[in-house]
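Each value in this text was obtained by applying a stated rule to the coordinates, not by laboratory testing. As the structure is a prediction and not an experimental result, all values here were calculated from the model. Positions of Cβ are backbone-derived with ideal geometry, glycine not excepted, and every protein chain shown enters the neighbour counts.
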């Protein structure tokens, strides 16, 4: 059972009426095919998120299948939200492996409904802006509960499906109680008038009261009237109301490094950041960045509790603070401060993604030169895994690419917008490795289009050929074969501008391979075989053993599809042996599986079984449920052909269990 609940807040007051209404709604709910939806809404800083988690924590015993949570702001790029990506996180929390995620949005919705149809879940959806963002995330079970937090009412949730709970600002008694709990200072009880003045400045917003409480606690020796007078004078000079005054005052108390980091964080690419990327953004080294982050946390301008809730230590500025920090940057940042910081973090991401690409995919054809280390910003991934295991390092690198995908997409957009073509092209190559395992069509196609634009703008023919090939694959995978064909035709034209170096010939063979894959996507395996054979000859001529092995594998697949089993057997046996010699873990499994299929068709069932079992072991080591289920299906078919009905049933049950676990049954 997955329970995604943060630590309980230290101080939380009031909201008893809202909690009682929520509990009563759950008691009275008689839904059948859709869940109960509790809609918590109100301006930022009212404690909606904390209340949502408190309700979920109180009710979790009645929903035995777990508590899932998702913050939609973590998935916004340029103000837009891809609900398919959000569904991907929820499915992952339910045990669905990334390789098993349905690629298209509608199919992913069906996968989510299938996975949740019999569950009793709580799903917490934070920072929804429209009902249309929350509706696709509703489980397909009337026994589940969804708690949605939003800044405004979600009017277009279906009638009868939602209970709306609008949070008002805290009344003065509750606000005073919260302030006293946070500050834990005797001066508040001794001077009620000064305390009332602080509460009035906060306008009943819990977020503002937390900041004010820390301010009072920080200045233990000053008389409270003097402290309030200083705060009031500062706020009057700024001319802002409510919580903005408190945040401005907290910002003024920051050291120079912390203030600089606060101004820069809204300009970090992507919706979230890590300590490592913040270090690159600030440019003052890890120690100063750690101190600045801790100072922001103490000042109430950042919540470091999020670090403990995720393996990667991901953080973000909540919406109101993000906007406040951006305004402070407009007022206080030097002309070059933001530009230099964005260039610095952009080039740091290029280097990290290039290294992750190398570790995850191995040495392969790339057209961008490696970026050098960034001063004062260390590399994330070590040169070798701590335990000395290449496959472990590869999995860590692939995981890093997945977790940083939004930042990488934002970096490509930033590089394109600022005319940094080298950086954009260099980033697109690691995005390619990510996209092979996680084909989010809309984002990937957009990013590769920008890569093509930058390559054309640069006039570099190698870049143009590479970027157009990378764009072609997600195009044909999404059914856009004609446009993919046009991109490959343009890639072929770019080849005419290249020379005869080894890299140029390797790139030419790659374009030919892509053309063959496009033929196979359209069902023309004969034309595909011609292209794979041509690409293979080029790789053999330049002694590129990896390229030759890959094309031997593809050519063997093509001959198997054409029914030429003897040739397919010879080619796939060679590719499998070469993959083992080169220690290419993923291709060992895939070539072995393809060879096993041909051996089965040739009647060599014992040899096929051994290869299938080897592929099954490799799939389990890589934790690839998709490939594991595919191999189990093949083993079931093999057992059935040998009249081993019980064994076949066992394999099918195991495959079905994997698919059911991933919502694909």
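Structural size metrics of the stretch 246-297, computed from C-alpha coordinates, are Rg and Dmax of 10.5, 29 Å.
Modelled label positions at residue 620 and residue 436, each set 7 Å beyond Cα in the direction of Cβ, lie 2.5 nm from each other. The stretch between residue 110 and residue 566, if pulled fully straight at 0.36 nm per residue, gains 160.1 nm over its current Cα-Cα span. Maximal additional length on extending the residue 381-residue 399 stretch stands at 5.4 nm, based on 0.36 nm per residue less the C-alpha distance. According to the Kirkwood relation over distinct C-alpha pairs, the hydrodynamic radius of the stretch 382-510 is 15.5 Å. As a calculated quantity, the FRET efficiency between residue 177 and residue 226 at R0 = 25 Å, using C-beta atoms, amounts to about 0.55. Temperature 20 °C, viscosity 1.002 mPa s: under these conditions the Stokes-Einstein estimate for the stretch 1-94, based on its Kirkwood radius over C-alpha pairs, is 141 µm² per second. Restricting attention to the chain, close to 15% of DSSP beta bridges with both partner residues there are antiparallel. Temperature 20 °C, viscosity 1.002 mPa s: under these conditions the Stokes-Einstein estimate for the stretch 115-187, based on its Kirkwood radius over C-alpha pairs, is 143 µm² per second.
Each peptide in 599-611, 508-520 gets a packing score, the mean of other Cβ atoms within 10 Å over its residues, and the list from highest to lowest is 508-520, 599-611.
Computed from Cα positions, the angle between helix 502-521 and the longest principal axis of the chain comes to roughly 90 degrees.
Seen against the Cα atoms of the chain and their longest principal axis, helix 224-238 is set at about 60 degrees. Using a 7 Å offset from the Cα along the Cα-to-Cβ direction at both residue 604 and residue 524, what is the distance between the two label points in nm, to one decimal? So the label points at residue 604 and residue 524 sit 3.3 nm apart.
Pairing the Cα long axis of helix 390-403 with the longest principal axis of the chain, what angle in degrees results, from 0 to 90 and rounded to the nearest 10? Helix 390-403 and the main axis of the chain meet at about 50 degrees.
In summary, the stretch 602-665 shows an alpha-carbon radius of gyration equal to 1.09 times the 2.2 N^0.38 Å reference for compact globular proteins.
The fraction of Cα-Cα pairs per 20 angstrom bin, counted from 0 for the chain, comes to 16, 44, 31, 9, 1 percent, rounded to whole percents.
Over the chain, dividing the summed -39,500 (n - 2.57) contributions of all DSSP H runs of at least 4 residues by the number of residues returns a 222 nm mean residue ellipticity of -20500 deg cm²/dmol. Here the stretch 2-166 is treated as an ellipsoid with the same Cα gyration tensor; its semi-axes, largest first and in whole Å, are 24, 18, 16.
Here each label is just a point 7 Å from Cα along the line to Cβ, and for residue 190 and residue 151 those points are 4.1 nm apart. Between the alpha-carbon centres of the stretch 59-104 and the stretch 475-542 there is a gap of 37 Å.
In summary, the stretch 35-82 shows an alpha-carbon radius of gyration equal to 1.37 times the 2.2 N^0.38 Å reference for compact globular proteins. When 445, 55 are sorted by how many other C-beta atoms sit within 10 angstrom of their C-beta, beginning with the fewest, the order is 445, 55. With neighbour counts taken as other beta-carbon atoms within 10 Å, the residues 121, 296 rank, fewest first, as 121, 296.
Here the stretch 193-230 is scanned for amide nitrogen atoms under 11 Å from the site 7 Å beyond the Cα of residue 252 along Cα-to-Cβ, giving 229-230. Overall shape of the stretch 544-665 was characterised from the C-alpha gyration tensor. The equivalent ellipsoid obtained from it has semi-axes of 25, 18, 11 Å, in decreasing order. A Förster radius of 41 Å combined with the Cβ-Cβ distance from residue 580 to residue 294 puts the calculated FRET efficiency at roughly 0.25. Divide the volume of the convex hull around the Cα atoms of the stretch 256-333 by the residue count and you get 86 Å³ per residue. For the stretch 515-584, the equivalent ellipsoid built from the Cα gyration tensor has semi-axes of 19, 14, 9 Å, listed from largest to smallest. With neighbours defined as other Cβ atoms within 10 Å of a residue's Cβ, the residues 303, 27 order from fewest to most as 27, 303.
If R0 is 60 Å, the Cβ-Cβ spacing of residue 217 and residue 654 corresponds to a FRET efficiency of close to 0.55. Based on Cα contacts under 8 Å between residues 6+ apart, the chain shows a relative contact order of 10 percent.
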